[in-house]
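The values are calculated or read from the model by the stated rules, or taken from the named source; none is laboratory data. Predicted model only: the values in this text are computed from it and were never measured. Note that each Cβ is placed from the backbone with ideal geometry, even for glycine, and that neighbours are counted across all protein chains shown. Side chains are part of the model used for accessible areas, which takes the heavy atoms of the whole protein and leaves out ligands, DNA and RNA. Shrake-Rupley method; radii C 1.70, N 1.55, O 1.52, S 1.80 Å.
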Amino acid sequence: MNFTPSISTIIEDDEQLQKLLSDPGIELPPLLPSLAFALNDLSILPTDFSLDPTKTLEEQGGLTNEEQEKVRSIAFTALQRLRDQSPATTSVNDDDLKTIMSWACGTNLNGPYLQMLKEELSPNDMDLRSPNWGKDDIASKKDFTVAIIGAGMSGILAAYRLKQAGVSFVLFEKNSGIGGTWLENTYPGCRVDVSNHVYCYSFMQKHDWPHFHSTQDVLLQYFNDCADIFGIRENIRFNTSVSTAVWDENTGTWNLDISSSAGEEKFICQSVISAVGQLNRPSYPDIPGVASFQRDSWHSAQWNHDYNFSGKNVAVIGTGCSAVQFTPRVAEVAANTTIFQRTPNWLMPRPQYQQRLPESLLWCFDHIPHYHNWFRLHLFWRSHEGLLPRLELDPEWENPGDNSISSENHELGLMLRLYLQSEFSEDSELLEKVTPNFTLGAKRFVIDDGLWAATLRRDSVKLCTEEITSITETGIETVDGEHTEFDAIIYGTGFKASEFLTPMKVIGAGGIDLHEQWDGDASAYLGIVAPNFPNFFFLYGPNTNIVINGSIIYFSECEVHYITQSIKYLLENDLQSVTVKQDIHDAYNKKIDAGNSRMAWGLSNVNSWYKNASGRTAQNWPFSLLEYWEQTREIDPADYDIS
């Protein structure tokens, strides 16, 4: 894996270059910005057109055929220059960078938007989100250690940022390795459903991803490589669990009960960062008899790799994202596969979902300096708000009977229904079963490239929509009285996402128990801090999940930035603790709830992991990515009780 690619010399002749540029696999939108940046030449950018921000989701960024040909022509001349001339000896200045970025985004970028996108671009692979301070410069003699719990994507990031700032830390990980969800979920077909070029750290962009959406093993290797490059492994205690964290008001420290193969012990620190995530505790359905099945059964997050499916009659309960990934692999081998569906999904078509990157696109990554950065910016820009406006309520909209909440929501629903009709055109009964009747966006979209329909059309596959009434020692019984025997049952039923930080016990100021305070309805200011819990920070906490815009790694980078700024404030002011005020927390969450009440997932009553047991949306962020970036730039001391 190479994070700082060595750009290959262009050896292709003119004819070969023209052939490369005519290949449909090349993404044209980032081509001219990357060449203008590489050659430090703004004249490469056309003045008669730029990318249209309203068409970013279209093929080739919505460029017309004429504009595409002009891009290829200009790029051909620029590639000749890269091949035949010495590279630019001067770097692009800030004004010119702004011009190139504005052309790439089709709008005049200024202020916060410009800075946020510049951080995502990471020009010249600069780490623009690294801490701008060091502990030795502001509090060299102060004892301050941070305990990080969880070595997944966000925990690794927090560890690296603290190391950059010179802050002492220990990272506790219950597993034997790092990677979090990418370590634990090893089921066949497991892959990321966000483009890999944005599902990576902004400052550690990988140019040679093998697929548009890489598989679990590739992602696990990426995070392991990052940990090695960050140099944080010596600070990780593997196979170590944290069961309890208790705040000591007299000493201003957190006292952790930890356990490992060496036994039980105490660990004392000044701050805690919980990076345990949301999707790490398997959820089983509330069906009578789950424990009574006497044959093989397992959850997708605890895959049985030793099981031989050949000749077996297999049941799959659930049709969410994980099930849609692993079921086709099961059905390829099993004699019969019965899929039990509670609610059909809105399928989001993505033809390249399982495709390898085309050779022409890989050539651009290998031969055009920083093409991968501009490719990332293009993907981030086109998805930074994505389909979010289409999931928001228009109070004036009159629902035509499809549970839509706006004209945009209705139009997208029509498009996705057309996709379902095209996929299941030969089986009207199956089409009816897989067509959702709930508001589009109320549940997580499932990415599809046609494999799901192909699986359901198999003669050996049955889609059952009858409600399960019980699981017996030998099989499954449904509401119509039918009992079917199975050799194995696989649960693709998701995770206990709303049960934040369980089963860990956290006791804050005044002996307050975090879970008792939440009472099943977790909330936090910025999704990061909660009243009564000094110096305790959450990563991927309440209401920091994004539905259709961007990557969760973006949120983690914003959160970690805010946390390091908070620690900086503590240190430079020689403080013991900061605790968010109750009224600040409450006012913030009222805004969050009001925002979610206008979104598809907040309006619909369909079952969804976005909501907790009380029916509140405790997972999702309802606003723009820019708003979260702005809110996490600096700590406002007025928001906190300080001691």
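Within 10 Å, count the other beta carbons around each residue, average over each peptide in 448-454, 589-595, 565-571, and list them highest first. Show your work: numbers first, answer last.
Numbers: 448-454: 17.9, 589-595: 15.4, 565-571: 20.9.
Ranking the peptides 448-454, 589-595, 565-571 by packing returns 565-571, 448-454, 589-595.
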If you find the alpha carbon centre of segment 199-252 and of segment 169-186, how far apart are they in angstrom? 7 Å
Mind listing the Cα extents of segment 461-619 along all three principal axes, in Å, largest one first? 68, 34, 26
Report, ordered by chain and residue number, the lysines lying within cross-link reach of Lys70, taken as a straight Cα distance under 24 Å and ignoring same-chain residues fewer than 8 apart. Lys19, Lys55, Lys98
For Leu626, put the label point 7 Å out on the Cα→Cβ axis and report which residues of segment 100-126 keep their amide N under 17 Å from it. 101-121
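Between Asn573 and Ser259, 0.36 nm times their residue separation minus their Cα-Cα distance comes to what? Please list the in-between numbers first.
Working: separation 314, 0.36 × 314 = 113.04 nm, distance 3.42 nm.
Working it through step by step, the gained length comes to 109.6 nm.
Show me 483-494, 414-425 ranked by packing, highest mean number of other Cβ atoms within 10 Å first.
Details: 483-494: 20.3, 414-425: 15.1.
My ranking of the peptides, most packed first, is 483-494, 414-425.
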What is the distance, in nm, between label points placed 7 Å from the Cα along the Cα-to-Cβ direction at Lys505 and at Asp586? 2.9 nm
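Mind checking the full-extension length gain between Ser470 and Glu432? Use 0.36 nm per residue of separation minus the Cα-Cα distance, one decimal, nm. Write out the running numbers ahead of the final one.
Numbers: separation 38, 0.36 × 38 = 13.68 nm, distance 2.50 nm.
That pair, Ser470 and Glu432, stretches by 11.2 nm at full extension.
In segment 564-643, what percent of the accessible surface is made up of carbon and sulfur (1.4 Å probe, ligands and nucleic acids excluded)?
On the way: 1610 of 3300 Å².
That fraction is 49 percent.
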Measure out, as a whole number of angstrom, how far apart the alpha-carbon centroids of segment 102-132 and segment 581-643 sit. 26 Å
Principal axis dimensions, the chain - Cα atoms, whole angstrom, descending: 73, 72, 54
Placing +1 on each Lys and Arg Cβ and -1 on each Asp and Glu Cβ in the chain, then taking the dipole about the Cα centre, the residue among Leu626, Ser310, Ala442 whose Cα reaches farthest towards the positive end is Ser310
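When the convex hull of the Cα atoms of segment 101-196 is projected onto a plane and the area is averaged over all directions, what value comes out in nm²? Can you show the working numbers first?
Values: hull surface 38.3 nm².
Projected over every direction and averaged, the Cα hull of segment 101-196 covers 9.6 nm².
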Ratio to report: Rg/Rh of segment 264-398, with Cα atoms as the point set and Rh obtained by the Kirkwood method; give two decimals. 1.08
With a 1.4 Å probe and every protein chain kept in, tell me what percent of the accessible surface of segment 158-296 is carbon plus sulfur. 48 percent
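What value, in deg cm²/dmol to 500, does the helix sum -39500 (n - 2.57) over DSSP H runs of n ≥ 4 give at 222 nm once divided by the residues of the chain?
Working: 20 runs with 215 residues, N = 643.
The per-residue figure over the chain is -10000 deg cm²/dmol.
R0 = 35 Å: FRET efficiency of Glu516 with Thr186, Cβ-based, nearest 0.05?
Details: r = 35 Å, r/R0 = 1.01.
Given R0 = 35 Å and the Cβ-Cβ separation, E is 0.50.
How much area per residue is accessible in the chain when the probe is 1.4 Å and only protein heavy atoms are counted (Å²)? Can you show the working numbers first?
Details: 26090 Å² over 643 residues.
That works out to 41 Å² for each residue.
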Residues with amide H under 5 Å from that of Asn620, placed H, sequence gap 5 or more: Asn543, Asn545
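Would you mind calculating the relative contact order of the chain from Cα pairs under 8 angstrom and at least 6 residues apart, reporting the percent as a whole number? Intermediate values should be presented prior to the final figure.
Details: 1194 pairs, mean separation 110.7, N = 643.
Once normalised by length, the contact order is 17 percent.
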Using only Cα atoms, what is the ratio of the radius of gyration of segment 1-160 to 2.2 N^0.38 Å? 1.33
Among trypsin sites (Lys or Arg not before Pro) in segment 93-145, those in a DSSP loop whose Cβ has at most 15 other Cβ atoms within 10 Å are Lys141, Lys142
So for R0 = 22 Å, FRET eff. of Ile229-Thr9 from the Cβ-Cβ r, to 0.05, ends up at 0.25
Amide H neighbours of Thr244 at under 5 Å, excluding residues fewer than 5 places away on the same chain, with H built from the backbone geometry, are Asp257, Lys505
Could you pull out every one of the lysines with an alpha carbon less than 19 Å from that of Lys591, ignoring same-chain neighbours closer than 8 positions? Lys581, Lys611
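A 25 angstrom limit on the alpha carbon distance is what I want to check against. Which of Lys118/Lys163; Lys568/Lys590; Lys142/Lys174; Lys142/Lys163; Lys163/Lys568 exceed it?
Working: Lys118/Lys163 23 Å; Lys568/Lys590 29 Å; Lys142/Lys174 29 Å; Lys142/Lys163 16 Å; Lys163/Lys568 13 Å.
From the list (Lys118/Lys163; Lys568/Lys590; Lys142/Lys174; Lys142/Lys163; Lys163/Lys568), the Cα-Cα distance tops 25 Å for Lys568/Lys590; Lys142/Lys174.
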More than 18 angstrom apart: percent of Cα pairs within segment 200-268: 59 percent
Dipole in debye (nearest 20) - the chain, about Cα centre, beta carbon charges: Lys, Arg +1; Asp, Glu -1: 880 debye
Reduced to Cα centres, the span from segment 356-371 to segment 61-80 in Å works out to 16 Å
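Using mean Cβ contacts within 10 Å as the protection proxy, how do 224-234, 546-556, 313-323 order, highest first?
Numbers: 224-234: 15.6, 546-556: 20.9, 313-323: 23.3.
Per-residue mean Cβ counts within 10 Å order the peptides as 313-323, 546-556, 224-234.
Ignoring any ligand, DNA or RNA, what whole percent of the accessible area of segment 353-497 comes from carbon and sulfur when the probe is 1.4 angstrom?
Values: 2850 of 6370 Å².
On segment 353-497, the fraction of accessible area on carbon and sulfur atoms equals 45 percent.
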Quickly work out the Thr244-to-Ser360 label distance, labels modelled 7 Å from Cα along the C-beta direction, and quote it in nm with one decimal. 6.4 nm
Cα-Cα P(r), segment 317-375, percent of pairs per 10 Å interval: 17, 32, 21, 19, 11, 0
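Say R0 is 22 Å: what FRET efficiency, to the nearest 0.05, do Ser292 and Ser460 get from their beta-carbon distance?
Details: r = 27 Å, r/R0 = 1.21.
Computed FRET efficiency for Ser292 and Ser460: 0.25.
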